[in-house]
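The values are calculated or read from the model by the stated rules, or taken from the named source; none is laboratory data. Please read all numbers here as calculations on a predicted model, not as lab measurements. For neighbour counting, all protein chains shown are included, and Cβ atoms are generated from backbone atoms with ideal geometry for every residue, glycine included. For the accessible areas, the whole protein counts, side chains as well, though only heavy atoms, and no ligand, DNA or RNA atoms are used. Shrake-Rupley method; radii C 1.70, N 1.55, O 1.52, S 1.80 Å.
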Amino acid sequence: MLHRCRRWLGIGSICFCSTLLTGAAPEYHLDIRLADRNDTRRFNCIKPATFIAAAELDGQPAADGEIRFHLTNDGGPVLHRRDARLADGPAEVTYTLSAPGFLRCVAEWYIDDRCVAKAIAAAAYEPEKIRQAFPEPEDFDVFWQQSFEQLAAVPPDWQIAPYPAGSDEQFDCFLVNAANVNGKRIYGVLTVPAKEGKFPAVACVPGAGNASNATYFRFPDTISLFLNVHEYEPSDDPAENKARHDAAYAGRYLPEIAYYTCIGVTDREKFFFRDAYLGMSRLLDAIRNHPKYDGKNLGICGSSQGGAALALAALNPDIAMVVTGVPSFCDLGAGVAGRAPGGPQLLRSAQPGRWVRIIPATSYCDTANFARRVHCPTTVIVGWVDVASVPASVYAAYNNLPGKMKRIIDMPTMGHGNPPEYTAAIAEMVEKLHR
């Protein structure tokens with residue numbers, strides 16, 4: 001069974017233990033580090049990077065078995081393989097990239113043809129020079145202009161109801177929903193300071209999952225809006241919520257990918273997130289139209305699927321600040337450059353014949369394209385060993401952000417998750433919105 005996970009020196013390690021008939025539970029650890037211990041873990045193109053694996057059994061150096069290395073350009077096709085017997089000394093592998101990207105090293109410890117532990121590490125090769133692989137559609141702006149015209153033709157039909165479960169002495173909470181295109185609706189949770197006054201506001205796009213009436217997203221003296229991407233009304237009962245989710249999307253999945261993020265991926269008009277971006281843009285009016293909103297200080301944040309915050313900032317120029325962590329939907333056409341595409345990685349399960357349609361269709365929702373149209377201070381957080389929102393895809397979007405009002409926070413040892421730096425960046429944004 002999986003025992004625990006440890007991080008060390010820019011390395012991801014996964015540890016396993018197995019219970020033997022004797023009752024003993026040997027514990028296997030595999031760590032991997034860069035031989036070059038510079039703090040940045042950055043390399044110029046062509047310069048070799050050497051990864052060294054260290055295997056431990058029950059806390060002691062191990063010499064049994066072999067380490068199987070494979071290296072890729074950020075999860076693309078395998079570039080190099082090497083097997084190293086632990087009995088022969090330090091297990092290491094050396095390779096390089098000739099073009100900007102992330103050299104990802106995956107190491108697996110095998111004993112008697114059984115994998116007992118796995119680790120991952122990465123070296124960055126001039127990531128500030130990574131470019132989006134698939135070109136932006138020539139009619140990108142026209143497409144979205146026409147899409148918003150379609151939205152404008154739909155009366156909003158606002159429905160707003162008090163939500164006692166999210167209200168207290170400091171905040172009044174409301175469930176809000178509005179009409180969207182194609183007969184859909186969009187849902188969110190609006191939290192407003194109970195006291196009188198004018199306040200800045202922050203919207204949040206959640207990570208992937210079922211719809212939710214989440215009330216955790218709130219800040220003192222700040223209006224907040226939790227934006228669901230889904231077209232069904234959330235239920236506070238988990239079983240009922242799942243049933244609504246399943247009913248909403250039944251019959252709309254690809255045969256090989258039964259998940260909502262991949263609905264309609266071969267048609268730009270039917271891709272799930274096209275309508276979601278439109279609906280969330282409308283739902284932002286719940287803030288704009290509220291009498292307690294100060295009318296000028298609107299921020300947005302989101303992690304993973306919440307990388308849609310970049311799209312919303314481009315589509316809604318009154319958004320004043322953006323924070324996004326490990327954003328998905330970046331550089332979805334990265335496969336043409338030999339890299340893994342940005343999340344959702346489920347797209348990689350699509351039948352090969354679909355890709356000739358998937359890449360052009362999803363490019364209209366690619367946050368790397370929207371990034372060029374974001375003109376406000378933006379913070380992006382990237383994990384270098386993230387196998388979901390792969391770092392090269394995140395950098396491809398970040399590098400498209402214009403001007404100097406941007407920063408990227410590199411997390412060389414982090415996979416897909418929300419580090420304290422993400423929470424701190426949101427708090428910093430809220431503080432600046434109050435100035």
Could you tell me which label, among (i) 170; (ii) 149; (iii) 141, carries the value of volume of the Cα convex hull per residue in Å³ calculated for this structure? (i)
Let me have the 222 nm mean residue ellipticity of the chain computed from DSSP H runs of 4+ only, each contributing -39500 (n - 2.57), with the sum over all residues rounded to the nearest 500. -5500 deg cm²/dmol
May I ask you to order 86-95, 146-155 by the average number of other C-beta atoms within 10 Å around their residues, highest value first? 86-95, 146-155
Suppose every Lys and Arg Cβ carries +1 and every Asp and Glu Cβ carries -1, with no other charges. What dipole size does the stretch 283-350 come out with about its Cα centre, to the nearest 20 debye? 100 debye
Highest mean first, what order results for 226-239, 207-220, 122-135 on Cβ atoms within 10 Å? 122-135, 226-239, 207-220
1/(1 + (r/R0)^6) with r = Cβ-Cβ of Asp36 and Asp64, R0 = 22 Å, i.e. FRET efficiency to nearest 0.05, evaluates to 0.20
Tell me the per residue accessible area of the stretch 111-265 using a 1.4 Å probe; a whole number in Å² is fine. 46 Å²
Residue-normalised value, i.e. accessible area per residue, for the stretch 375-430 at 1.4 Å probe, in Å², stands at 36 Å²
Gain in span if fully extended, Gln146 to Arg85, counting 0.36 nm per residue against the direct Cα distance: 15.9 nm
With a ≥ b ≥ c from the Cα gyration tensor eigenvalues, square-rooted, and the rule rounded for a/c under 1.5, otherwise prolate when a/b > b/c and oblate otherwise, the stretch 110-181 is oblate
Would you mind working out the magnitude of the charge dipole of the stretch 24-102 relative to its Cα centre, with +1 at each Lys and Arg C-beta and -1 at each Asp and Glu C-beta, to the nearest 20 Debye? 480 debye
Whole-Hz Karplus ³J(HN,Hα) for the stretch 267-276, in order, using 6.51 cos²θ - 1.76 cosθ + 1.60 and θ = phi - 60°, x for Gly and Pro? 9, 4, 7, 10, 4, 3, 7, 4, 5, 5
So how strong a dipole does the chain carry about its Cα centre when Lys and Arg Cβ are +1 and Asp and Glu Cβ are -1, to the nearest 20 debye? 820 debye
Can you give me the distance in nm between label points at Arg131 and Asp318, each placed 7 Å from the Cα along the Cα-to-Cβ direction? 3.7 nm
³J(HN,Hα), Karplus 6.51/-1.76/1.60, whole Hz, each residue of the stretch 133-142, x for Gly, Pro: 7, 9, x, 5, x, 5, 9, 4, 5, 5
So between Ala258 and Thr50, what do we pick up on full extension, going 0.36 nm a residue minus the alpha carbon distance? 70.9 nm
Enumerate the calculated ³J(HN,Hα) couplings along the stretch 89-97 in order (Karplus 6.51 cos²θ - 1.76 cosθ + 1.60, θ = phi - 60°), each rounded to whole Hz, writing x wherever the residue is Gly or Pro. x, x, 8, 9, 9, 10, 7, 8, 10
